[in-house]
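A short worksheet on the structure shown next.
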Amino acid sequence: DQQVKQNSPSLSVQEGRISILNCDYTNSMFDYFLWYKKYPAEGPTFLISISSIKDKNEDGRFTVFLNKSAKHLSLHIVPSQPGDSAVYFCAASNPRGSQGNLIFGKGTKLSVKP
Amino acid sequence: EADIYQTPRYLVIGTGKKITLECSQTMGHDKMYWYQQDPGMELHLIHYSYGVNSTEKGDLSSESTVSRIRTEHFPLTLESARPSHTSQYLCASVSLLPPYEQYFGPGTRLTVT
């Protein structure tokens, strides 16, 4: 049973527009949520995180929103650029589990068209 | 910038061969991980380590083994490679300060023929 779900396997967006990537989770004990970006044949790179006590975190073009009541978070990229084309993974940290272990979603492949 | 290295980046090997995938980090992190990822699929945790002489199996059963003799080094070994082992193997280490960001190496793309 997946604790972190990314229900959209792919998303296509025009350059300059907003990309919205969604993530749902089931465990209300998660304390941090992280987004990673992965290019083919490379390791994931950390993008942005949010604490469960916050509802928004912003870093440049990237903003993550957390809705705890809905157990939902989203990553907004604005404006989207062709270089943003990659697979984006949502991950969650469980303080009751082994500290440092993350639970990853299946990823969403973002394609930004020029 | 994270300093975590994996070698080789790509490996094509025949069935039955023994292989070792290398992973090292210079950040002094105690906790390290190995993940397996197939294209379009999620990252599956196969091994992790809390520190020297500590190894644990992850959520996904794997025929591979790991060792942790030094903090900076966490190699993964397959005693007898099979085509089902074809995958990308990703090594990571973690900062034990929130938000518990994991730093990933570039990965090893393994193909067993």
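Calculated over the protein assembly as shown, the projected area of the Cα convex hull averaged across directions stands at 12.2 nm². Listed cross-link partners A:56/B:57; A:5/A:68; A:71/B:57; A:38/A:113 are compared with a 26 Å cut-off, the Cα-Cα value being larger for A:56/B:57; A:71/B:57. Can you grab the distance from the C-alpha centre of the stretch B:15-57 to the C-alpha centre of the stretch A:5-31, Å, no decimals? Cα centres, the stretch B:15-57 to the stretch A:5-31: 27 Å. Tell me the label-point distance for the pair residue B:82, residue A:74, using the 7 Å Cα-to-Cβ offset, in nm and rounded to one decimal. Using points 7 Å along Cα→Cβ, the separation is 4.4 nm.
Accessible surface of the protein assembly as shown, 1.4 Å probe: 50 percent of it comes from carbon and sulfur atoms.
For the stretch B:4-112, the solvent-accessible area works out to 45 Å² per residue, with a probe of 1.4 Å and every protein chain left in place.
In terms of the mean number of neighbouring beta-carbon atoms within 10 Å, the peptides A:101-107, A:34-40 order highest first as A:101-107, A:34-40. The string of couplings for the stretch B:21-36 from the Karplus curve (6.51, -1.76, 1.60, θ = phi - 60°) is 9, 9, 9, 9, 9, 10, 8, x, 6, 6, 8, 9, 9, 10, 10, 10 Hz, one whole number per residue in order, with x for Gly and Pro.
For q = 0.13, 0.20 Å⁻¹, what log10 I(q)/I(0) does the stretch B:4-112 give under the Debye formula with an equal point scatterer on each alpha carbon and no solvent? With no solvent term, the Cα-only Debye profile gives -0.43, -1.02. Take the Cβ atoms of residue B:30 and residue A:12, set R0 to 45 Å, and the FRET efficiency comes out at 0.65. Bridgeable aspartates and glutamates around residue A:109 (alpha carbons under 18 Å apart, same-chain partners fewer than 8 residues away excluded): A:15, A:24, A:42, A:84, B:38, B:42. On the principal axes of its alpha-carbon atoms, chain A has extents of 44, 29, 22 Å, going from largest to smallest.
Any idea what the relative contact order of chain B is, in percent, if you count C-alpha pairs under 8 Å spaced at least 6 apart? Normalised by residue count, the contact order of chain B is 36 percent.
The values are calculated or read from the model by the stated rules, or taken from the named source; none is laboratory data. Just so it is clear, the structure is predicted and the values come from calculations on it, not from any experiment. Don't worry about glycine lacking a Cβ; one is built from the backbone with ideal geometry, like all the others, and counts go over all protein chains shown. Side chains are part of the model used for accessible areas, which takes the heavy atoms of the whole protein and leaves out ligands, DNA and RNA. Shrake-Rupley method; radii C 1.70, N 1.55, O 1.52, S 1.80 Å.
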